[in-house]
Amino acid sequence: MIRLDPTTTAAIAIDMHRGHLDPSVATLPLPAERCDPVIKRAAALLAGINTTTCVLCAAFEATNLDFRVVIASEAVDSMDGEEMHRFALRLMAASTGWPLGNDDIFQALGR
């Protein structure tokens, strides 16, 4: 089981600013000056849309930057259908990181 240190894990929302989510819940990304620099982090916890493109690309980018990548499998989805969504999760599991459900993420964070 992967262990994540909450103090060195960055939660990254992908494409939530493009209107795919309920605007009453999701907001535009914060300006850079209001965010902690992600570069100080050791792990990236990815959530958002679209599993088969944006999330997949972010997982590869984070891996290439030496982040430990966790994909929040209950917080990602695809507009390309369930089969492609599942394929992208399998591809990321084989190549970039760990697709984990909420309970596993909380356990990895020691919560």
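A few notes on this one:
- Selection from segment 1-26 of residues that are among the hydroxyl-bearing types (S, T, Y), more than 15 Å from the chain's Cα centre (by Cα) and modelled with pLDDT of 50 or more: T7
- Which listed residue, of G48, G110, is modelled with pLDDT of 80 or more, in a strand (DSSP E or B) and either in contact with an Asp or Glu (Cβ under 8 Å, 6 or more places away or on another chain) or on the phi > 0 side of the Ramachandran plot (or both): G48
- Remark: pairs (first residue in segment 46-68, charged (D, E, K, R); second residue part of a loop (DSSP other than H, G, I, E, B); Cβ separation under 9 Å; 6+ apart in sequence or on different chains) = E61/F67; D66/A42; R68/I2; R68/L4; R68/A42.
- Those residues of segment 59-87 which are in a helix (DSSP H, G or I) and surrounded by fewer than 22 Cβ atoms within 10 Å (Cβ to Cβ), in sequence order: F60, E61, T63, N64, E82, E83, M84, H85, R86, F87
The values are calculated or read from the model by the stated rules, or taken from the named source; none is laboratory data. Everything numeric here is computed off the predicted structure, so don't read it as measured data. Note that each Cβ is placed from the backbone with ideal geometry, even for glycine, and that neighbours are counted across all protein chains shown.
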